[in-house]
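Reviewing the structure listed below.
The values are calculated or read from the model by the stated rules, or taken from the named source; none is laboratory data. Being a predicted model, the structure only gives us computed values, none of them experimental. Cβ: placed from backbone, ideal geometry, glycine included. Neighbour counts: every protein chain shown.
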Amino acid sequence: MTNTLTIALLVVILGLFAADQIWLQWQIPLLAARMVDGLVEYLSFWR
């Protein structure tokens, strides 16, 4: 992954979070946290 692609991806993700906070009210960070929690639970099963 090149530096340009990394920066562009970071800008898109931060822009999505900012748009969610200002206009959309979809609570994307909370949704992402719940998905990560589910992934941790799934991986802890295989431990």
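Working only within the stretch 4-47, note down all residues that are in contact with an Asp or Glu (Cβ under 9 Å, 6 or more places away or on another chain) and either among the hydrophobic types (A, V, I, L, M, F, W, C) or modelled with pLDDT of 90 or more (or both).
Going residue by residue through the stretch 4-47, those that are in contact with an Asp or Glu (Cβ under 9 Å, 6 or more places away or on another chain) are 26-29.
Selection gives TRP26, ILE28.
Within the bounds of the stretch 32-43, is there any residue that is surrounded by fewer than 10 Cβ atoms within 10 Å (Cβ to Cβ) and hydroxyl-bearing (Ser, Thr, Tyr)? Yes; the residues of the stretch 32-43 include at least one that is surrounded by fewer than 10 Cβ atoms within 10 Å (Cβ to Cβ) and hydroxyl-bearing (Ser, Thr, Tyr).
A search for C-beta distances below 7 Å between a residue of the stretch 19-35 that is without any contact (Cβ under 8 Å) to a residue 40 or more places away in the chain and any residue that is acidic (Asp, Glu), counting only pairs 6+ apart in sequence or on different chains, returns TRP26/ASP20; ILE28/ASP20. When MET1 is tested against (1) modelled with pLDDT under 95; (2) assigned to a helix (DSSP H, G or I), exactly one condition is not met: (2).
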